[in-house]
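Everything below concerns the one structure shown next.
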Amino acid sequence: MGKDVIIALDFDSRAATLAFLDRFGEDKPFVKIGMELYYAEGPAIVREIKERGHKIFLDLKLHDIPNTVKKAMQVLSGLGVDMLNLHAAGTKAMMEAALEGAVRPGGARSLVIAVTQLTSTSQERMEEELLIEKPLDQVVLHYAQCAAQAGLAGVVCSPLEAGKVHAACGAGFLTVTPGVRFAGGDVGDQVRVTTPAKAKELGSDYIVVGRPITQAEDPVAAYRRCVAEFVG
Ligand code: C5P
């Protein structure tokens, strides 16, 4: 898989999601299904979107004991999704078990990527509540290295961290990056944002874009603009 734009389908129902996807006609963007839509509609929505011809990143951020995560990955990769994720904080043993679970009967495997520290976690909260006293960027890079050692395909990170992650984990280790906004666009609750063009320059492999596309007056035009800026 090469560089691509992934649309975050942050909708709460099948109806709203399909009405949105219908606007794209024959275009079949790579999409991300997160907890909200998955918990509302279950695996049926994943199957339906897959049947429509979309690539799918199922963003459920698994974190449990290795055996449980392995079994859950078996179920999820059986849906035929292209990308799945988990928390690197679950340890290398959990990530390795997840990879074993993600192998489908024919030998194909969904890409498995890791969340390092959530972007909503500050240095202060990490120190006081998680008792992790190292600098946050060092923690993020260390978790990325553990994910690479466990054999994962990449991490979710900020485009601003993509270069450091590639330097530490190799150019082929994927950086899947949210926090993207058009120049002059509404930032919303994201704090550190970059444009699609800047994300490309910084070396992101995939950008994950939600509201700048889903809330746009013309979502198809906004998606095409993202692709033009990021993929070229
Ligand atoms: O609407 P927006 O473009 O901010 O959506 C970004 C998407 O990426 C959302 O689905 C959000 O949950 C997800 N995400 C994020 N930051 C992370 C991890 C995931 O924004 N660190």
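Averaged per residue, what accessible surface does the chain expose to a 1.4 Å probe, in Å²? Write down the numbers at each step before the final one.
Working: 10890 Å² over 232 residues.
So the chain comes to 47 Å² accessible per residue, rounded to a whole number.
Once the gyration tensor of the Cα atoms in region 33-168 is diagonalised, the equivalent ellipsoid follows with semi-axes of 27, 16, 15 Å, ordered largest first.
The value of relative contact order for the chain, using C-alpha pairs under 8 Å at least six residues apart, is 19 percent. The mean of 1/r over all pairs of different alpha-carbon atoms in region 76-115, once inverted, gives a Kirkwood hydrodynamic radius of 10.2 Å.
Output the antiparallel fraction of DSSP beta bridges having both residues in the chain, as a percent to the nearest 5. Before the final figure, lay out the partial values.
Values: 1 of 29 bridges.
If I count the DSSP bridges inside the chain, around 5 percent turn out antiparallel.
Over 18 Å, how big is the tail of the calculated P(r) for region 86-141, in percent of all Cα pairs?
Working: 692 of 1540 pairs.
Here the long-distance tail beyond 18 Å is 45 percent of all Cα pairs in region 86-141.
Length available on full extension from Val220 to Val103: 0.36 nm per residue minus the Cα-Cα distance, which gives 38.7 nm.
The length gained on full extension between Thr68 and Glu201, counted as 0.36 nm times the residue separation minus their Cα-Cα distance, comes to 44.0 nm.
In the chain, carbon and sulfur make up what percent of the accessible area (probe 1.4 Å)? If you can, show how the numbers build up before the last one.
On the way: 5580 of 10890 Å².
So the carbon and sulfur contribution to the accessible surface is 51 percent.
The values are calculated or read from the model by the stated rules, or taken from the named source; none is laboratory data. Remember, it's a predicted structure, so these values are computed and weren't measured experimentally. The area values use the complete protein model at the heavy-atom level, side chains included, leaving out ligands, DNA and RNA. Shrake-Rupley method; radii C 1.70, N 1.55, O 1.52, S 1.80 Å.
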